[in-house]
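This report refers to the structure that appears directly beneath it.
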Ligand SMILES: O=C(O)CCC(=O)C(=O)O
Ligand SMILES: [Fe+2]
């Protein structure tokens, strides 16, 4: 019987990040594979996998990069597995309905402004792996920006100014509270109210209460990556309130300038999803955003979160305590 030659899996570098090619199910269990993947991840910062056809495979590959954590926002957790969060809702229904709004004459759902995951807590997560199960025909891309490359290109005088700078950060979930912020796409957005769209996300409705659950934190503007030693511009533009020691106006101008710098196309990977693609990002190095899709088109993803714990921050009010909630239904 003729021997079938299995293609050797390999890492294909992209302009930003890398794709893992010909990676069959179960390959992550072979000797040396986990270390090779981890090495590629540290080198490239994001890895794209194709044909991840099961939750088990998604979890197994995620675990090659570290332990998983349960996401601090219970509303987004999957009922099927606490180590997964849900993005969007399966077209078959039953899931949370997204906030709907119009932008420049087009209506989009599931838009998520530039951020790092869990950067509104003192212990930022190490990374996350998003697998897309249902994919829209148009739009719905995810963007990921390499803030280590962005740091490397900053002029020396700006780097010196940022080296010891810190900022106050607060979670923002309601689109209204992110309007006009650097790195947000919906500057001219017309928001739909709950009356028009009764399914507007629970999280947005509870935005006031969210302050008690996630008290504001202080984070450094520059993070030395604990494994690669590379410096990263450690900003989540959507969450930044103000750089410490600056008046609001000066702080806003600096944030705008840095965000514009970080979002130059040469630092950004834009992913157009196919079903069962999965991307794992290094959250210490990359920030990311969701472009949103059209209502009526499917988009549903599941995401794991890699535990840090990396204590990069501290509470702004040193006596603050996060008051967690558990959902009852
Ligand atoms: O929906 C997207 O494209 C991005 C989602 C996101 O921010 C995340 O999974 O952490
Ligand atoms: Fe995210």
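The values are calculated or read from the model by the stated rules, or taken from the named source; none is laboratory data. All of these numbers come straight from a predicted model, not from anything done at the bench. Cβ: placed from backbone, ideal geometry, glycine included. Neighbour counts: every protein chain shown.
Key figures for this structure:
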quantity: Residues of region 209-242 that turn out to be under 20 Å from residue 284 (Cβ atoms) and in contact with a strand residue (DSSP E or B) (Cβ under 8 Å, 6 or more places away or on another chain), as a count; calculated: 21
quantity: Unmet criterion (only one of (1) under 18 Å from residue 236 (Cα atoms); (2) more than 16 Å from ligand 1 (Cβ to nearest atom); (3) modelled with pLDDT of 95 or more) for residue 156; calculated: (1)
quantity: Test result for residue 303, within 9 Å of ligand 1 (Cβ to nearest atom) and either closer than 19 Å to residue 237 by Cα or at pLDDT 95 or above (or both); calculated: yes
quantity: Checking residue 116 against (1) in contact with a helix residue (DSSP H, G or I) (Cβ under 7 Å, 6 or more places away or on another chain); (2) closer than 19 Å to residue 258 by Cα; (3) within 16 Å of ligand 2 (Cβ to nearest atom), the condition it does not meet; calculated: (1)
quantity: Unmet requirement for residue 167, which otherwise passes all of (1) farther than 24 Å from residue 245 by Cβ; (2) crowded, with 18+ Cβ neighbours inside 10 Å; calculated: (1)
quantity: Where residue 276 falls short, out of the listed (1) in a loop (DSSP other than H, G, I, E, B); (2) farther than 24 Å from residue 15 by Cβ; (3) in contact (Cβ under 8 Å) with a residue 60 or more places away in the chain; calculated: (2)
quantity: Residue that is at pLDDT 95 or above and either under 23 Å from residue 108 (Cα atoms) or in a strand (DSSP E or B) (or both), where the choices are 261, 288; calculated: 288
quantity: Condition met for residue 137 (under 23 Å from residue 224 (Cα atoms), modelled with pLDDT under 95, surrounded by fewer than 19 Cβ atoms within 10 Å (Cβ to Cβ) and out of contact with any helix residue (DSSP H, G or I) (no Cβ under 9 Å at 6 or more places or on another chain)); calculated: no
